[in-house]
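The structure appears right after this line, and notes come after that.
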Amino acid sequence: MPRRPAPAAAVEYLPIVVVGGGPVGLTLALDLARRGRRVTVLNKLDFIAAGSKAICFSKRTLDIWDRLGVGECMVERGVVWNLGKVFWGSDTQPIYQFDLLPVKDQKMPAFINLQQYRAEEVLVEALMKCDGVDLRWGHEVTGVVLRADRVRLRVSTGGSAYEIEAEWLVACDGSRSSIRQALGLAFEGREFEDRFLIADVRMTTARAAERWFWFDPPFNPGQSALMHKQPDDLWRLDFQLGRDDRTACIDPGKVEPLIRGLLGQGVPFTPEWYSLYTFQCRRMARFMHGRVIFAGDSAHLVSPFGARGCNGGVADADNLAWKLDLVMSEAAPVSLLESYDHEAIVTADENIRHSTRSTDFLTPKSPVSRAFRDAVLELAREHTFARPFVNSGRLSTAVSYPNSPLNTPDELDDVWIGGLVPGSPPLDAPLGGRWLLEQLGERFVVLARDWQGALPAGVELVEWNANQGEGDVLSKRWDLAPGSAYLLRPDQYVAARWRAPTTESITTALQRAKGLSA
């Protein structure tokens, strides 16, 4: 990427600075730019780094990216998959398989596999078309001073240095966040000793685009393994190694027998990257620190199994952008951002909980825990009830916020058989020849059936009536009986719902969703 020289002014005054040019920072910048915000992105590297990073992007992430205009491009460039298979021991047949998109008739698939650097390329391409976005490659933050209403940054680039006064700073600079370190903030949680090897290899094969996971395979006895297909004939192979010496683990003489054992002796392949990692399930106590906001790996860390790291970070960006936009336009108080702290921590805690349980199931630490795991696997062969207990990495799904301060609880006299409770993420469905989520957009929306009243200012209507035949799927999924309505936030989460909505009840719920009332 071309490196922009240091600005001539001694101090720049900027509204929003995002530190970190990974998927989280770029997604946040794109969301804010589409809302008309001027955003500056500082990235330490002056190139998009390749290598063994995130590859699995969940349906919720794809829904978010589709709202931002890049979802279809991501799907087109990625490998689409919905099916996972679990193997145990030397059995060549899976003990069971699962479909990650049980609810059909939605625009986006359950998952795509796409190298992180390819996803970053798509986001950068979109950002370069936006007005008000300044992508600064090779600009490293070397100092941070937190003030009451601003953040002072010292930035180095190309042997020069300059300073920025930012109204808001969002730290998306990863697990080794220089912003977090500069402010003396720490992580809390667990770090596991077991090591895992990622081997990205290139090969041409007709293997299906599915997630294959092995417990105790003959080529890695007593451990586990995972295989995913990526674009460009790349395959992600993941091997549990226990607590072996770090250097020996990436010795080709030790790695290649694992790969050969998984692929078969006659399958040609070319190594691309080998890397090691350990599990961490940790987070900051708070993500809001004055005018500095943390998102993604700078705020929380989970194990790669389950694809919760990057997807959780994109959820942070989705949650934060509309709130920061409202605050900066003075349509909401600064206290609205406390709801980001609440909801992003709910997401992080759920991801950490699932990730910790996955780790404990994958790496049993006692004969009793191993006996329990093996008993679960044995039962899962024949019995459906046992399969939810098999934990090869619970795959990332959208997180609900049932206790969010922005929710309006259901009224006592409203009776809902199903549908989406306040605090729920949206569920797509066909509507009028298009998709529901496409029509919700990125503003406050009332989704209603046979609406008769007036709406408060700043809210748009998406309506279904019985004449729209394919909307019957929507009606069933959302339990949208005649006269019912939902209020949806700009991130498409449910803020409130009613069986008999009124302009007054919608206005009150809208005020609450903006943080203007309790």
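Computed from the coordinates by the stated procedures, all read-outs in this text should not be read as laboratory data. Just so you know, these numbers come straight off a predicted model, no measurement behind them. Cβ atoms come from the backbone with ideal geometry, glycine included; neighbour counts cover every protein chain shown.
State the antiparallel share, in %, of DSSP beta bridges confined to the chain, rounding to the nearest 5.
70 percent
What FRET efficiency, computed as 1/(1 + (r/R0)^6) with R0 = 51 Å and r the Cβ-Cβ distance, is obtained for LYS254 and ARG499, rounded to the nearest 0.05?
With a Förster radius of 51 Å, E is 0.20.
Would you list the membrane-span-like helices of the chain, meaning whole DSSP H runs whose alpha-carbon atoms span at least 18 Å along their axis and whose mean Kyte-Doolittle value is at least -1.0?
Those that clear 18 Å and a mean of -1.0 are 309-328, 337-362, 367-380.
Which order results if CYS73, CYS281, CYS172 are arranged by neighbouring Cβ count within 10 Å, fewest first?
CYS73, CYS281, CYS172
Would you mind calculating the relative contact order of the stretch 42-102 from Cα pairs under 8 angstrom and at least 6 residues apart, reporting the percent as a whole number?
18 percent
Modelling each spin label as a point 7 Å along the Cα-to-Cβ direction, I'd like the SER517/SER335 distance in nm, to one decimal.
With each label point 7 Å from Cα toward Cβ, the separation is 1.4 nm.
Among ARG443, ARG136, ARG211, what is the fewest-to-most ranking by other Cβ atoms within 10 Å?
In order of increasing Cβ crowding within 10 Å: ARG443, ARG136, ARG211.
Need the list of lysines near LYS476 for cross-linking: C-alpha distance under 19 angstrom, and skip anything on the same chain fewer than eight residues off.
LYS104, LYS107
LEU379 to VAL11: extension gain in nm, 0.36 nm per residue of separation minus the Cα-Cα distance?
Going from the current span to full extension adds 126.0 nm.
Excluding LYS44 itself, what net charge comes from residues whose Cβ is under 11 Å from its Cβ, given Lys and Arg +1 and Asp and Glu -1?
Result for the local shell: -1.
Taking θ = phi - 60°, what integer Hz values does the Karplus form 6.51 cos²θ - 1.76 cosθ + 1.60 yield along the stretch 212-225, in sequence order, with x for Gly and Pro?
For the stretch 212-225, the Karplus-derived couplings read 10, 10, 10, 9, 6, x, x, 7, 8, x, x, 10, 9, 8 Hz, x marking Gly and Pro.
Let me check I've understood the local charge: for ASP31, count other residues with C-beta under 15 angstrom from its C-beta, Lys and Arg +1, Asp and Glu -1. What total comes out?
Summing Lys/Arg as +1 and Asp/Glu as -1 gives +2.
Given that just one value was derived from the coordinates, which of (i) 25.4; (ii) 29.3; (iii) 24.4 is Kirkwood radius over Cα pairs in Å?
(iii)
Which one, ASN465, PHE444, PRO422, is farthest towards the positive end of the dipole of the stretch 419-518 when Lys and Arg carry +1 and Asp and Glu -1 on their Cβ?
Of ASN465, PHE444, PRO422, it is PRO422.
Considering amide H positions built from the backbone, and no H for Pro or chain starts, which residues 5 or more places from ILE48, or on another chain, come under 5 Å of its amide H?
HN-HN under 5 Å from ILE48: empty list.
Mean separation of Cα pairs under 8 Å and 6+ residues apart, divided by the residue count of the chain: what relative contact order is that in percent?
Over the chain, the number comes to 14 percent.
State the extension gain, in nm to one decimal, for the chain segment bounded by GLU72 and VAL459, taking 0.36 nm per residue of separation less the distance between their alpha-carbons.
136.6 nm
Based on Cβ point charges of +1 for Lys and Arg and -1 for Asp and Glu, what charge dipole magnitude is obtained for the stretch 436-518 about its Cα centre, in debye rounded to the nearest 20?
Dipole about the Cα centre, nearest 20: 340 debye.
In nm, give the distance between the simple-model label positions of ASP233 and ARG202, each being 7 Å from the Cα along the Cα-to-Cβ direction.
0.7 nm
Compute the relative contact order of the stretch 216-303 as a whole-number percentage, counting only Cα pairs closer than 8 Å that sit 6 or more residues apart in sequence.
19 percent
Taking a virtual spin label 7 Å from the Cα of ASN403 along the C-beta vector, which residues in the stretch 335-354 bring their backbone nitrogen under 13 Å of it?
342-343, 345-347, 349-350
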